[in-house]
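The values are calculated or read from the model by the stated rules, or taken from the named source; none is laboratory data. A quick note: this is a predicted structure, and the numbers were derived from the prediction, not measured. Backbone-built Cβ (ideal geometry, glycine too); neighbour counts: all protein chains shown. These accessible areas exclude ligands, DNA and RNA; they are computed on the full protein's heavy atoms, side chains included. Shrake-Rupley method; radii C 1.70, N 1.55, O 1.52, S 1.80 Å.
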Amino acid sequence: MKLLAFASRNRKELLRDPWNLAFGIGFPVVLLLLLSAIQANIPVSLFNIEKLAPGIAVFGLSFISLFSATLIAKDRTTSFLMRLFASPLSASDFILAYALPLLPMAVLQGAVCFVTAFFLGLSVNVNVLLALVVLIPPAILYIGIGLLAGSVLTDKQVGGICGALLTNVSAWLSGTWFDLNLVGGAFKRIAYALPFAHAVDAAKAAIAGDYASIFPHLWWVIGYAAVIMVIAVVAFKRKMNGDNV
Amino acid sequence: MNAIEMTGLTKKYGERTAVKSLNLSIEQGTCFALLGVNGAGKTTTIKMLSCLTKPTSGDAVILGKSILTDPQAVKEIANISPQEMAVAPNLTVRENLELIAGIYGSEGRAAREKATRMIEEFDLSEVERQKAKTLSGGWQRRLSIAMALISEPQVLFLDEPTLGLDVLARRELWSVIEHLRGKVTIILTTHYMEEAESLSDSIGVMARGELKALGTAAELIARTGAKTFEDAFVALATGSKASA
Ligand SMILES: Nc1ncnc2c1ncn2[C@@H]1O[C@H](COP(=O)(O)OP(=O)(O)O)[C@@H](O)[C@H]1O
Ligand SMILES: [Mg+2]
């Protein structure tokens, strides 16, 4: 299929960039190891691996946004997309072909993160597999953010927006580093108006085996993911039919 | 039979008219050169013909298909080598070729065979397994044109195909284009006079978005009373009389 030919190119392009692999897979692992090393040396309990691992797994997804946005923005600036816009591929072919290779990458990233967490004391059980499934809607959300950013920004702006802003928002407003209940107030309200804390809470609930708590949180993520995807498709279509790729 | 017919093809970017009411017919199997200085409107014309941008007014019909009402059909039968190289940097030369073959509907073995044929035709075998980003400008340009041809288009758009090539690479490319004559309808843009002169069956001189003259190199020289084609071009592009 035509769309798969392009999807396979995108997979190769992503996997052949060593930084993508290093950051996508390596960074969450390094973070987990680092935080656990800190924890091992202080008496008070800062992090609990059951709560930390889902948080880091969600945080790691922000790199998936960065990769997809960078790839699309680069394809635009190098005119590679212009060549492809002259081909019979449709806008939805393009979006799917960019998104498809990222999904297994996101799941693999989550899996590596949890496997690392096993060594740090996360109990090995079926709930971890459930958490990986729960991470799929957040993964689609982050992929959508990447597609949108890549469609409207230049590759330099992508570095700032997805590389700096999104990673920080994901880190601070997700309840990964500190309990949002401890901060409370406006900060907590903002965090729970955005999807990131909900994504982490859903994954935490899965790991904890608290199945009833997964879905209220996941609905937030699914809602955001759907809206962002629609906006991304519209933005991409505009680029495709517009005067400035 | 005409492969391409443009009627009043116009593109405005805000106040600026990039291409002004082009009326042009190009016979099937011939090579047509759009000649003009930077900013003349060549790329904009190519972009409209290849359905990359919509005309503000006017239409063009390519092998019976309108770019306005049937862009999908036009995209199936035409292909473009953009002014920028537009290759996938992390794919090898062969992978780039197979990618485009795949996007135009050839699968697996068919795509591989087409890529092999292009690699032979464009002498790309020594760089076949090299990533496109490691290639020199000349090799990238060759790959870029091979990528446009691998879909076996009936109409081929080459936007400044020899930009950045050294003399030898340019001559080599000329011979490739020479080979395509009669089989594929080619529109190429260039600002090299001798390129238009030696490659094309007919030449359109563009300046500030308008088609200033149309004919073979010899006809254009005769019409302006110039000594050389270069003088003829200057006369036509600036609207002045050629100095005898
Ligand atoms: N996307 C665009 N937006 C605004 N103006 C444009 C755009 N593309 C081209 N132009 C303008 O249209 C004119 C023709 O450009 P172009 O077709 O690229 O010329 P050429 O290819 O002959 O050098 C130029 O004045 C250029 O600045
Ligand atoms: Mg140009």
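Direction-averaged projected area, Cα convex hull, chain B: 13.3 nm², rounded to one decimal.
When restricted to Cα atoms, the protein assembly as shown yields an Rg and a Dmax of 27.4, 96 Å, respectively. Would you mind telling me the share, in percent, of accessible area of chain A contributed by carbon and sulfur at probe 1.4 angstrom? Of all accessible area on chain A, carbon and sulfur atoms account for 72 percent.
Ligands, DNA and RNA excluded, the heavy atoms of A:VAL58 present near 0 Å² of accessible surface to a 1.4 Å solvent probe. When Rg and the Kirkwood Rh are both derived from Cα coordinates, the Rg/Rh ratio for segment B:22-118 amounts to 1.01. Note on B:71-78: average number of Cβ atoms from other chains within 10 Å of each residue's Cβ is 2.
Using the rule -39500 (n - 2.57) for each DSSP H run of four or more residues, divided by the residues of the protein assembly as shown, the 222 nm mean residue ellipticity is -17500 deg cm²/dmol. In terms of overall dimensions, the C-alpha atoms belonging to segment A:19-147 reach 62, 28, 17 Å along their principal axes, ordered largest to smallest. Seen from B:ARG208, the other residues with C-beta closer than 11 Å to its C-beta sum to a net charge of +2, counting Lys and Arg as +1 and Asp and Glu as -1.
Can you give the net charge of the other residues whose Cβ lies under 14 Å from the Cβ of A:LEU173, counting K and R as +1 and D and E as -1? Within the 14 Å Cβ shell, the charges total 0. For the peptides A:75-84, A:174-183, A:36-45, B:191-200, the ranking by mean Cβ contacts within 10 Å, running from highest to lowest, is A:75-84, B:191-200, A:174-183, A:36-45. Distance from the alpha carbon centroid of segment B:131-148 to that of segment B:72-91 works out to 12 angstrom. Ignoring lysines fewer than eight residues from B:LYS20 along the same chain, the ones with Cα atoms less than 25 angstrom from its Cα are A:LYS239, B:LYS11, B:LYS12, B:LYS42, B:LYS47, B:LYS54, B:LYS65, B:LYS75, B:LYS212, B:LYS241.
For chain A, the relative contact order works out to 28 percent when only alpha carbon pairs closer than 8 Å and six or more residues apart are counted. For chain B, the longest principal axis of the alpha carbon atoms and the long axis of helix B:167-180 meet at an angle near 90°. Per residue, the convex hull spanned by the Cα atoms of chain A measures out at 126 cubic angstrom.
A cut-off under 10 angstrom between Cβ atoms defines the neighbours of A:ALA86, and their net charge, with Lys, Arg +1 and Asp, Glu -1, is +3. Per residue, the convex hull spanned by the alpha carbons of segment A:194-238 comes to 56 Å³. The alpha carbons of segment B:175-244 give a radius of gyration and a Dmax of 12.5, 39 Å, in that order.
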